[in-house]
Amino acid sequence: ANGYYISRWTKCIHSSHDFSDMVYIDNYVFNKDVFIQFNSTVGEYVGYTELGVHNARLFNNNPGQLQGERAQVDGYCKHNAEIRQTAIADKT
């Protein structure tokens, strides 16, 4: 309505069948540009704009928030990948 667009999207990336290389990425997007990102390989938030750097600092100083994001690799990524892999294996 006012020309501003904010969104948040996550993705899980892996290439091995045992999910040992699974990476969880959580992006915060403003007007189609990522301004802050959590990457499980890095283990903390990284800001890409002035606002993103400020928010990354706040998020990284919150142990509960970091712990929750780090847990997404197992609780979200691996869990859903295992379900999809089982569904595919059952059909073959």
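Given a cut-off of under 8 Å on Cα pairs at least six residues apart, what relative contact order in percent is computed for the chain?
Working: 121 pairs, mean separation 18.1, N = 92.
Once divided by the residue count of the chain, the mean separation gives 20 percent.
Summarising the label geometry, the points placed 7 Å from Cα in the beta-carbon direction at Val29 and Arg57 lie 2.7 nm from one another. Each part reduced to its alpha carbon centroid, segment 68-82 and segment 1-15 end up 18 Å apart.
Of all lysines in the structure, those lying under 21 Å Cα to Cα from Lys32, and not within fewer than 8 positions of it along the same chain, are Lys11.
Compared with the dominant principal axis of the Cα atoms in the chain, helix 50-60 is inclined by about 60°.
Give me the percent of the accessible area of the chain that comes from carbon and sulfur atoms, probe 1.4 Å, all protein chains in place.
Values: 3410 of 6320 Å².
On the chain, the fraction of accessible area on carbon and sulfur atoms equals 54 percent.
Within segment 1-54, the trypsin sites (Lys or Arg not before Pro) that combine a DSSP coil assignment with at most 13 other C-beta atoms in a 10 angstrom radius are Lys32.
What accessible area per residue, rounded to a whole number of Å², is obtained for the chain using a probe radius of 1.4 Å?
Details: 6320 Å² over 92 residues.
Value returned for the chain: 69 Å² of accessible area per residue.
When the residues Asp21, Asp90 are ordered by accessible surface, computed with a 1.4 Å probe over the protein chains alone, the sequence from largest down reads Asp90, Asp21. Size descriptors for the chain (Cα atoms only): Rg and Dmax, in that order, 15.6, 50 Å. Using a 10 angstrom cutoff on alpha carbons, build the Gaussian network for the chain and name the most mobile of Val53, Val23, Val42. Most flexible of the set in this elastic network: Val42.
Charged side chains reduced to their Cβ positions (Lys and Arg at +1, Asp and Glu at -1) give the chain a dipole of some 200 debye around its Cα centre.
The values are calculated or read from the model by the stated rules, or taken from the named source; none is laboratory data. These figures come from a predicted structure and were not determined experimentally. Cβ atoms come from the backbone with ideal geometry, glycine included; neighbour counts cover every protein chain shown. With ligands, DNA and RNA removed, areas are computed over all heavy atoms of the protein, side chains included. Shrake-Rupley method; radii C 1.70, N 1.55, O 1.52, S 1.80 Å.
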